[in-house]
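Chemist: Sharing a structure below in structure tokens format, with a few things to ask.
The numbers here are math on the coordinates, done by the rules we state, and not lab data. Predicted model only: the values in this text are computed from it and were never measured. Counting neighbours? That spans all protein chains shown, and the Cβs are built from the backbone with ideal geometry, glycine included.
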Amino acid sequence: MPAVRDRGPVRVQGQDAHRLRPTSTLLRDPHTMFNPSRDQVRQFFFDAWRKQRERAVLSGLDHLAVDIILLHPEYQPVLDDPERYQEREYRPEAGDTNPFLHMSMHLAIEEQLSIDQPPGIKREFARIAAKLGDRHAACHEVMECLAETVWRAQRDGAAPDAPAYLECLKRR
């Protein structure tokens with residue numbers, strides 16, 4: 001079979017572009033997909049939950065978000081009231097839990113597990129889940145290590161330390 005020459009990117013005609021627009025606010029702009037603002041993250045969760053309640057079509061990422069939301073019924077009233085919670089500040093020092101940060105960390109963990117990145121996280125997660133007998137509880141154990149890893153990276157102005165992250169998981 002002869003090799004096919006790469007002719008570069010495929011362009012979509014303007015009249016067809018509307019058919020291909022992603023429904024998720026995070027997927028519309030590739031630049032924000034990897035570094036969304038606080039408001040974009042919140043809007044993504046509000047939109048996913050609204051679509052679920054309206055029985056609208058969900059993207060793959062929306063499905064994952066809804067699965068996480070269903071694990072946290074305490075966050076559903078927040079997601080039912082975007083006008084009230086879009087701008088709300090959450091202060092950990094006052095005992096506040098930021099539901100959007102929590103759900104975002106769940107998403108990050110699911111992505112890490114789906115690609116086994118850092119290598120070995122799937123194995124460690126499986127071990128923790130087997131030990132606890134509860135996948136959601138295992139996610140929360142991993143979340144503790146992820147939060148510590150991200151905090152250290154931010155504090156040190158460095159990339160997250162994958163070996164330290166895995167060591168933290170091994171201690172769980």
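Chemist: Give me the net charge of L71's neighbourhood, meaning all other residues with Cβ under 12 Å from the Cβ of L71; Lys, Arg count +1, Asp, Glu -1.
Modeler: Net local charge, L71 excluded: -3.
Chemist: If you consider only alpha-carbon coordinates, what radius of gyration and Dmax does the stretch 24-97 have, in Å?
Modeler: 12.8, 39
Chemist: Need one number: nm distance between label points at Q154 and V57, each 7 Å from Cα along Cα→Cβ, rounded to one decimal.
Modeler: Computed distance between label sites Q154 and V57 equals 3.7 nm.
Chemist: Something else: Subtract the Cα-Cα distance of R127 and A108 from 0.36 nm times their separation in residues, and report this length gain in nm to one decimal.
Modeler: The R127-A108 span can extend by a further 5.0 nm.
Chemist: What shape does the stretch 32-172 take by its C-alpha gyration tensor, where a ≥ b ≥ c are the square roots of the eigenvalues and a/c under 1.5 counts as rounded, a/b above b/c as prolate, and the rest as oblate?
Modeler: prolate
Chemist: Just want the ordering: E89, E124, from fewest to most Cβ atoms lying within 10 Å of their own Cβ.
Modeler: Lowest count first: E89, E124.
Chemist: Based on the Cβ-Cβ distance of L70 and D161, what FRET efficiency does E = 1/(1 + (r/R0)^6) give at R0 = 35 Å, to the nearest 0.05?
Modeler: The calculated FRET efficiency here is 0.60.
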